[in-house]
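Notes for the one structure printed next.
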Amino acid sequence: MKRFFIELSYKGTAYSGWQVQPNGPSVQQTLEEALALILRREVPVTGQGRTDAGVHALKSFAHFELEEVPMDNKTLTYKLNRLLPQDIAIHRILEVQPDAHARFSAEAREYRYFIHLGKSAFLKDTALQLYRIPDLEAMQKAAQYIPGEHDFSSFCSARAEVAHKRCTVSQAEWRQDGRMLTFTIRANRFVMNMVRSLTGTMLEIGAGKRRPEDMPLILAALDRTQAGENAAPEGLHLSDVIYPSSIFISPEK
């Protein structure tokens, strides 16, 4: 049995999230259906993790297994891209070690949240549009409290089914490029709604409704009601997933 990683990106607007769900189409379902048509067999696909409805991925991974490979990786990549809708793109397929896992082998993940200052005719589905300019300096001060190992219960959905809510964040910062604000956060793991609730809380700080110094108090409270509302899903993008190089067999990695 051989195992392969698929590197892909997708625009999540039309989907109910990554994972197969009964209430609407998902990226996972769409990818599995395309693989089944090409390979003429059911091919279960395991993703690097879940993304919410409307959330996007600039760089994501999934894995699948095959006993016999009927074509080379580049040909399968080409056939998948021909069959999949425009909002899902396969970048490459890489053979990996038999025990490599798209979710559990990841060493870190990175998300970016995009905010456009003012109305944009082209970014409605991929960035939050703000008409009042927030205090970026205050938001950056708040972000400085996020790196480190913390229990993120205050920023995790009550619906999350996880053993614990501790995450180690290595980067959390805001940047501005013209009219675009970007919040980048990298961690060893994330809990449900964590990035959107952190962003929503910092937007309240940027609007003067909270102080930057409130961030460590909210973290310590371990209470979701103490944090702000989730920022809208359209601004959130999974931007990278980092794996140890030792899991890859394909030479092009």
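Summary of computed values
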quantity: Cut-off 12 Å between beta-carbons: net charge of the residues surrounding ARG159, Lys and Arg +1, Asp and Glu -1; calculated: 0
quantity: For the chain, calculated [θ]222 nm from helices alone, where every DSSP H run of n ≥ 4 adds -39500 (n - 2.57); calculated: -6500 deg cm²/dmol
quantity: Estimated dipole of the chain in Debye, rounded to 20 [Cβ of Lys and Arg +1, of Asp and Glu -1, Cα centre]; calculated: 420
quantity: Those aspartates and glutamates that a straight Cα-Cα span of less than 19 Å connects to LYS59, excepting residues fewer than 8 apart in one chain; calculated: GLU7, GLU32, ASP87, GLU95, GLU107, GLU110, ASP125, GLU234, ASP240, GLU252
quantity: Dipole of the stretch 2-104, positive direction: furthest Cα of PHE61, HIS91, PRO44, with charges on the beta-carbon; calculated: HIS91
quantity: Which of LEU198, ALA121, GLN171, positive extreme of dipole for the chain (C-beta unit charges); calculated: ALA121
quantity: The stretch 190-253: C-alpha gyration tensor shape, a/c 1.5 cut-off, then a/b vs b/c; calculated: prolate
quantity: Charge context of MET71, other residues only, Cβ under 15 angstrom, K/R +1, D/E -1; calculated: +3
quantity: Lys, Arg +1 and Asp, Glu -1 on Cβ, resulting dipole of the stretch 154-242 about Cα centre, debye, nearest 20; calculated: 120
quantity: Sequence of MET71, MET202 once ranked by neighbouring C-beta atoms within 10 Å, starting from the fewest; calculated: MET71, MET202
quantity: Ranked list, fewest to most other Cβ atoms within 10 Å of each Cβ, for ASP52, ASP177, ASP151, ASP223; calculated: ASP177, ASP223, ASP151, ASP52
quantity: Restraint check, LYS79/LYS165; LYS165/LYS209; LYS119/LYS165; LYS119/LYS141; LYS74/LYS124; LYS74/LYS119, Cα-Cα greater than 31 Å; calculated: LYS79/LYS165; LYS119/LYS165; LYS74/LYS124; LYS74/LYS119
quantity: Under-5 Å amide H pairs with GLY54, H placed in peptide plane, nonlocal only; calculated: TYR15, GLY17
quantity: For TYR113, TYR145, order by how many other beta-carbon atoms lie within 10 Å, fewest first; calculated: TYR145, TYR113
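Any read-out appearing in this document is the output of simple, stated calculations on the displayed coordinates, not a laboratory observation. Bear in mind the structure is a predicted one, so any value in this text is a computation, not a measurement. Here Cβ is always computed from backbone atoms with ideal geometry, including for glycine, and neighbour counts include all displayed protein chains.
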